[in-house]
Every structure is written in C-alpha cells, then in structure tokens.
C-alpha cells in the first residue's frame with residue numbers, strides 16, 4: 001500500500017506534535033473545501049496525552065470542527081471507562097467547540113443495540129448519506145490492542161464482516177469486558193486520513209504482525225483505506241520488532 005507511512009518517534013511528545021501538525025493541515029484543507037472538518041476520536045491512554053496537548057491549541061478552527069467517536073463502552077457517562085467522559089475532560093471542555101459539533105455515542109439507551117442505531121442515524125444525518133454511500137471522515141484516530149483489535153472491532157466477532165451498517169454492537173469474548181458500540185470497517189476505510197497511535201513494548205509483537213502482514217485476520221490489519229492515507233505512529237518500544245530498512 002503506497003499510501004501507508006510508518007513513523008517511529010523518540011517520545012510521545014514528538015508523536016503528539018506530529019499529529020497536531022497533521023490535524024491543522026487536514027482541518028484547514030477540509031474547511032476550505034467544504035466548510036467543516038470531521039474527525040473520529042478513540043479512547044485509550046496514548047490519545048489521552050495527545051488530547052491534553054491539543055486542548056492548548058486554541059487557534060485551531062474548533063467552531064467548524066465536528067467530533068465523533070470511533071467507539072464507546074456501554075457504560076454510563078460518569079463511568080471512568082466511558083470514552084466521551086475522558087475526551088470531554090481532556091479536550092472538548094477546554095476548547096471553544098459548539099455543543100452541536102460534538103456527536104457522542106449515547107449510552108443512556110435501554111440496550112447497546114439502540115445506542116448503535118441512534119449513532120448510525122447521527123452519522124447518516126450528518127454526512128447526508130444515501131443508502132449506497134458512506135460517511136467520509138477527514139481524519140480518524142485509532143489504536144491497536146494487544147489482541148489486534150482497533151476501535152471496538154475485536155478478533156473473531158461478527159462485527160469484522162459487517163458491510164451494511166455504519167455502527168454496530170460488539171460483545172467481547174472476554175466476558176469481563178463491557179459491551180461496546182463501534183463504527184465499522186466500511187466507515188473506517190472510507191476516511192481520507194487514518195492515524196494509528198501505538199506506544200509501549202507490550203504492543204511490539206502485535207504491531208509487527210499488523211504492519212508486516214503476519215496475520216491479515218487481525219482487525220487492525222483490516223484497516224485499508226480505499227483512497228485515503230494511512231499512518232502508523234509508534235514510539236521506539238512499539239516499533240522495536242519491525243524490520244529495519
């Protein structure tokens with residue numbers, strides 16, 4: 001894939017600076033072209049550091065930025081595991097973004113399925129998609145789990161084969177994990193820019209498997225944008241097992 005870039009950073013601070021520079025470039029281009037910038041954010045410790053640093057960038061065009069989530073645990077907003085709760089605390093409440101520009105995955109519905117259906121309706125409404133069209137994000141930020149999952153697309157779950165819906169529910173095989181709502185591969189792979197953020201030596205093996213094609217059944221390895229750019233941003237520990245050019 002000639003639109004794939006792998007960049008290894010000495011520090012997470014350097015990684016965050018790179019993402020912020022990309023954010024600025026992508027958002028300005030999107031707003032110039034169509035009047036708004038759409039981004040889907042993920043949870044996790046690595047992006048949390050990015051969001052805190054991003055919150056200091058007050059001159060970014062927040063009033064024309066629309067923020068969605070890649071996935072959410074089916075837990076109350078007040079729960080520490082709720083992604084929106086973290087993203088609000090680290091970023092959204094610190095910048096001047098209109099409330100209507102934030103598109104949460106609501107977990108106040110009776111069932112995860114109802115939450116997924118409501119989120120899909122929001123995606124359809126915002127992107128004004130026809131039945132055959134797909135939402136097209138300007139930027140999606142993703143992570144990679146030690147099992148190879150990304151967003152809440154876990155190995156060996158029906159969500160990996162979903163081609164009709166934009167958002168679905170996922171019940172991880174590990175019953176200690178909460179049910180999730182996630183966007184699907186058709187939405188992810190339609191994005192103009194996809195950025196993986198991965199840190200830590202515990203991710204080195206899975207990063208090698210995903211990037212070097214050892215297992216194309218891993219969810220993160222199934223991220224293959226149709227026309228967009230794909231970035232793997234790694235710290236030195238996460239990239240330690242990759243072949244050296």
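The values are calculated or read from the model by the stated rules, or taken from the named source; none is laboratory data. The model shown is predicted, which means the values in this text are computed figures rather than measured ones. Here the Cβ is made from the backbone with ideal geometry for all residues, glycine too, and neighbour counts use every protein chain on show.
Here are the numbers for the structure shown:
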{"read-out": "Qualifying residue in segment 37-47 (condition: surrounded by fewer than 17 Cβ atoms within 10 Å (Cβ to Cβ) and at pLDDT 95 or above)", "value": "no"}
{"read-out": "Of residues in segment 212-245 being assigned to a strand (DSSP E or B) and out of contact with any helix residue (DSSP H, G or I) (no Cβ under 8 Å at 6 or more places or on another chain), the one farthest from residue 192 (Cα to Cα)", "value": "230"}
{"read-out": "Candidate set: segment 204-213, residues that are closer than 18 Å to residue 5 by Cα and surrounded by fewer than 24 Cβ atoms within 10 Å (Cβ to Cβ); chosen: the one modelled with the lowest pLDDT", "value": "213"}
{"read-out": "Selection count, segment 183-194, where residues are surrounded by 18 or more Cβ atoms within 10 Å (Cβ to Cβ) and under 15 Å from residue 219 (Cα atoms)", "value": "7"}
{"read-out": "Inter-residue pairs, beta-carbon under 6 Å, first closer than 18 Å to residue 14 by Cβ and in segment 195-213, second assigned to a helix (DSSP H, G or I) and at pLDDT below 95, 6+ apart", "value": "197/46; 199/46"}
{"read-out": "Search result, residues across segment 111-157 that are in a loop (DSSP other than H, G, I, E, B), under 22 Å from residue 229 (Cα atoms) and touching a strand residue (DSSP E or B) at 6+ places or on another chain (Cβ under 7 Å)", "value": "137, 138, 143, 144, 151, 152"}
{"read-out": "Filtered residue count, segment 172-211, keeping only those that are under 17 Å from residue 109 (Cβ atoms), part of a loop (DSSP other than H, G, I, E, B) and in contact with a helix residue (DSSP H, G or I) (Cβ under 8 Å, 6 or more places away or on another chain)", "value": "1"}
{"read-out": "Residues (part of a loop (DSSP other than H, G, I, E, B) and touching a helix residue (DSSP H, G or I) at 6+ places or on another chain (Cβ under 8 Å)) located in segment 158-170", "value": "162, 163, 165, 166"}
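Yes/no per residue for (1) buried (at least 17 other Cβ atoms within 10 Å of the Cβ); (2) at pLDDT below 95; (3) closer than 21 Å to residue 144 by Cα:
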position: 11; (1), (2), (3): no, no, yes
position: 24; (1), (2), (3): no, no, no
position: 33; (1), (2), (3): no, no, no
position: 51; (1), (2), (3): yes, no, yes
position: 56; (1), (2), (3): no, no, no
position: 69; (1), (2), (3): yes, no, yes
position: 72; (1), (2), (3): yes, no, yes
position: 92; (1), (2), (3): yes, no, no
